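The values are calculated or read from the model by the stated rules, or taken from the named source; none is laboratory data. Model, not experiment: these values are computed from the prediction. Ideal geometry is used to build each Cβ from the backbone, glycine not excepted, and the neighbour counts take in all protein chains shown. The area values use the complete protein model at the heavy-atom level, side chains included, leaving out ligands, DNA and RNA. Shrake-Rupley method; radii C 1.70, N 1.55, O 1.52, S 1.80 Å.
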Amino acid sequence: MNSTTSINKTQAAITGVFGYVPDYVLTNKELETMVDTNDEWIKSRTGIEERRILKGEGLGTSYMAIEAVKGLLEKTNTKAEEIDFLICATTTPDMVFPATGNIVAHGAGLNCLSYDLMAACSGFLYALVTASQFIETGKYKKIVVVGADKMSSIIDYEDRQTCILFGDGAGAVLLEADTEGNGIVDSILRTDGAGATELYMKAGGSRYPASKETVENKEHYVIQHGAVVFKHAVKNMADTSAELVEKNGLDGDSIDFLVPHQANLRIIDATAKRLGLDSDKVLVNIEKYGNTTSATIPLCIRDFEHKFKKGDNLILAAFGGGFTWGAVYLKWAY
């Protein structure tokens, strides 16, 4: 194999990004009127100052995802018929079925294969890596990966532990083939089902179908054992990111940016410290949106896209319920 052949390996590259967040802003001050909490406590423990909430009867996750996908197509000057495949990463599907991805594809005017991928807060990374395989094999040329969640639909606003954390939003990226060495270089994705009941929603599935009792017992809301989740998130997100970095011969100097899941500022700081990164290389927008679950990483890419230059080394990292976690190493393509 000559050097030209090895350089021309096909990788899946992000060639565009777009995001959507609802207009309604739920501030820490407003939360003070709803539960026993305060602005300073929330900011010091989480880094969150406000979050966006989707209001309006009948508006679900697909509404935000459709807006993100439409914006992405317009921004990248891509025709709907050019898209071969859409994956929707979500924890809050519009319905159990059909797949929210189907609804999003139709709503955005696409006529392509589409489906959902559920991996909680790691969903976008799982979907990104899944989609990349189809690009690398040549099966598809243009794929949309959208991460979207209406977390307000499954949050108990009388539970001060969880209601301060989550918000609503959607972010979408376009994936295309790159033969110049840019795009997704490597990834590590992991799960551990032992954590299934540490961060979960008990009712609404086949094990505990909706009933009068499940509603009265508030079992259709997020349940989180915060201390356990925090401990695992700090260790696993940092460990996997460090493993990926070492595997690819990178260090704090050669990494240009860390794009972390925006769940808690302390978790982000721990991962950055493990990688030896200065604060200006760590991308954070948690103060504006809170934890939008599947949407945090694409929204973060959207917000800081102006900082990236072609060839930059980015590490994407996430941890979520399940437990699910992982990291992706990509070289920015534009």
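A few remarks follow.
- Residue within the range 50-66 that is within 20 Å of Thr15 (Cα to Cα) and of a type in the set (S, T, N, Q) present: no
- Unmet requirement for Lys273, which otherwise passes all of (1) part of a loop (DSSP other than H, G, I, E, B); (2) open to solvent by 10 Å² or more (accessible area, probe 1.4 Å); (3) closer than 30 Å to Gly193 by Cβ: (1)
- For the range 276-297, a residue qualifies if it is part of a helix (DSSP H, G or I), over 17 Å from Glu49 (Cβ atoms) and out of contact with any helix residue (DSSP H, G or I) (no Cβ under 6 Å at 6 or more places or on another chain), and the qualifying residues are Ser279, Asp280, Lys281, Ala295.
- Some residue of the range 117-129 being open to solvent by less than 50 Å² (accessible area, probe 1.4 Å) and touching a Pro at 6+ places or on another chain (Cβ under 8 Å): yes
- Residues of the range 246-276 that turn out to be over 18 Å from Ile301 (Cα atoms) and more than 20 Å from the chain's Cα centre (by Cα), as a count: 13
- Search result, residues across the range 142-160 that are open to solvent by 30 Å² or more (accessible area, probe 1.4 Å) and either more than 17 Å from Leu54 (Cα to Cα) or out of contact with any Leu (no Cβ under 6 Å at 6 or more places or on another chain) (or both): Lys142, Ser153, Tyr157, Glu158, Asp159, Arg160
- Across the range 74-91, the number of residues qualifying as touching a residue at least 12 places away in the same chain (Cβ under 8 Å) and either open to solvent by less than 10 Å² (accessible area, probe 1.4 Å) or basic (Lys, Arg) (or both) comes to 8.
- For the residues Val104, Val173, Val145, the requirement of being farther than 20 Å from Val222 by Cβ, assigned to a helix (DSSP H, G or I) and touching a helix residue (DSSP H, G or I) at 6+ places or on another chain (Cβ under 9 Å) singles out Val104.
- Selection status of His232, touching a helix residue (DSSP H, G or I) at 6+ places or on another chain (Cβ under 8 Å), surrounded by fewer than 21 Cβ atoms within 10 Å (Cβ to Cβ), assigned to a loop (DSSP other than H, G, I, E, B) and not small (Gly, Ala, Ser): no
- Among the candidates Gly16, Gly71, the residue that is assigned to a helix (DSSP H, G or I), touching a residue at least 60 places away in the same chain (Cβ under 8 Å) and either more than 29 Å from Val284 (Cβ to Cβ) or open to solvent by less than 30 Å² (accessible area, probe 1.4 Å) (or both) is uniquely Gly71.
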